[in-house]
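The block underneath contains the structure these notes are about, expressed in structure tokens.
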Amino acid sequence: MRLQQIREIENITIGNTDSSFNEIASSIKILAGDFNDVMTSTSLAELQRYWNPLKSDNLDIRTWPAANPALDLDHIFVYRGQRWAVENMEIPNKQAEWKQVNWPATSDHVPVIAKIKLLEQ
């Protein structure tokens, strides 16, 4: 099922199927959320045909469960036809400025936060 969903996202992304997104093939595209899948999975490997995962060196990307993250299920992708710079990326479960947030009471996942800049479209 996940692979079918990824392939539908790909078809919509390149404008290969009807969708409610006007001129999607030439639009700025960012795909983010809870994929319920780790980066090494077959479905996310398929997604990387058209999308690049945002990465930050030495960043622990585990986001689930919020109480003690063990898996990287939440991701941000940018379209391969565009060039992006990652200005900042964090998983705010261990940083001092986020210590006051009770992540398990907020969600079952810790969020992925990124500041990115479009360099080329």
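Residues in the range 1-16 that are assigned to a loop (DSSP other than H, G, I, E, B) and either open to solvent by 50 Å² or more (accessible area, probe 1.4 Å) or under 20 Å from LEU73 (Cβ atoms) (or both): MET1, ILE14, ASN16.
Residues that are hydrophobic (A, V, I, L, M, F, W, C) and either open to solvent by 20 Å² or more (accessible area, probe 1.4 Å) or within 17 Å of LEU3 (Cα to Cα) (or both) within the range 55-68 comprise LEU59, ILE61, TRP64, ALA67, listed in sequence order.
Which one is least open to solvent (accessible area, probe 1.4 Å) among residues in the range 17-41 that are among the hydrophobic types (A, V, I, L, M, F, W, C) and free of Cβ contacts under 8 Å to residues at least 24 places away in the same chain? Applying the filter and picking the extreme gives ILE24. Screening LEU44 on (1) outside any strand (DSSP E or B); (2) open to solvent by 50 Å² or more (accessible area, probe 1.4 Å) shows it passes everything except condition (2).
The lone criterion from (1) over 12 Å from the mean Cα position of the chain (by Cα); (2) surrounded by 14 or more Cβ atoms within 10 Å (Cβ to Cβ) left unmet by GLU97 is number (2). In the range 75-91, the condition of being among the charged types (D, E, K, R) and within 15 Å of the chain's Cα centre (by Cα) is met by at least one residue. Residues in the range 24-41 that are within 12 Å of the chain's Cα centre (by Cα) and assigned to a loop (DSSP other than H, G, I, E, B) were compared, and the one that is farthest from ALA70 (Cα to Cα) is LYS29.
The values are calculated or read from the model by the stated rules, or taken from the named source; none is laboratory data. Quick caveat: nothing in here was measured; it's all calculated off a predicted structure. Because the Cβ atoms are built from the backbone with ideal geometry, glycine has one as well, and the counts that use them run over all protein chains shown. Only protein heavy atoms, including side chains, enter the accessible area calculation; ligands, DNA and RNA are left aside. Shrake-Rupley method; radii C 1.70, N 1.55, O 1.52, S 1.80 Å.
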